[in-house]
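Read through the structure below, which is laid out as structure tokens, and then see the notes.
The values are calculated or read from the model by the stated rules, or taken from the named source; none is laboratory data. Quick caveat: nothing in here was measured; it's all calculated off a predicted structure. Counting neighbours? That spans all protein chains shown, and the Cβs are built from the backbone with ideal geometry, glycine included. Protein only, heavy atoms only, side chains kept; ligands, DNA and RNA dropped before computing areas. Shrake-Rupley method; radii C 1.70, N 1.55, O 1.52, S 1.80 Å.
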Amino acid sequence: MIEGALGIIDKMRIEVYEDSTYTQPLKTIFVQINPENYTISKNIEFFEEQAIGSSNQSLKFNKISSEEVSFDFIFDSSGVVPPAKIKDGKGDKLPLGESLIEVLKPAIANPFEEAATIEEELEEFKKLLSEYKGDKHETRYLRLIWGGYLLECRLTSISVQYKMFRKDGRPIRATATCKFKGTQSYEEMQAEQNQQSPDVTHQRIIEQHDKLTLLAEQTYNENQYYIDVAKANNLLSFKKLTTGQNILLPPLK
């Protein structure tokens, strides 16, 4: 009620994680100004096949790429807008006290003070999103949250346009254009796609009373491929399966 009366707006936030488990964020970044807009794209990729002497092409499905999104983040130290916030761990929203300070700060900024440069704030932002971690051999994992939008992703590119400067040439306003691409663990992809096609590799954990002949028939819709499955798994006999055993069913060629 109070927040609504004061015009306090929930800020977009970026949670920064060390790995793909997304268990506990290292930092939470509250942006300085919510983006005016954003662009989401998703590409469907095909193999192009063309018969000799033909001018037409046949498109064979390859894959659906992960969701990609682009945001423009504004950094401004002129005192016109409140600064961005970076919190340790998880932060669902800024505490009311800090939100009130943000609302009032532009109005009470000293117009005679020289504005601070945005260099340090921008460098920390870039480091959290794009720094290569030698112990992990990769950059960090991110979660974008704004209203009903949520994307677990990685930063793919960042470009910065500087727009306003102090008398000494140091920047006080910039726009960072960031592109992110959605990411999923292998287990999540398998569960989501639930592929049943016989031309992809399948994996089964043997349960009690499972028979290789039935597994092969369920996978390939044919009953003659159980010998090939036994050979692919180096089984001496297709009749001897052990509960808990991991069986791979190779794709049909």
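Descending by average beta-carbon neighbour count within 10 Å, the peptides 12-21, 133-142, 149-158 line up as 12-21, 149-158, 133-142, the highest first.
Quick one: which of 218-227, 174-183, 236-245 comes out on top by average Cβ neighbours within 10 Å, and what's the full order, highest first? Write down the numbers at each step before the final one.
Details: 218-227: 15.1, 174-183: 17.8, 236-245: 11.5.
The densest-packed peptide leads the list: 174-183, 218-227, 236-245.
When the alpha carbon coordinates of the range 117-178 are projected onto the principal axes, the ranges are 40, 34, 15 Å, largest first. Using only Cα coordinates, the Kirkwood hydrodynamic radius of the range 16-86 works out to 17.0 Å.
Distance between the C-alpha centres of the range 197-249 and the range 137-188: 46 Å, rounded to the whole angstrom.
From largest accessible area down, sort F47, F73; use a 1.4 Å probe on the protein chains.
Details: F47 110, F73 5 Å².
My answer, sorted largest first, is F47, F73.
Between amide H atoms placed 1.01 Å from N, distances below 5 Å from T156 occur with K179, F180, K181, all of them 5 or more places distant or on a separate chain.
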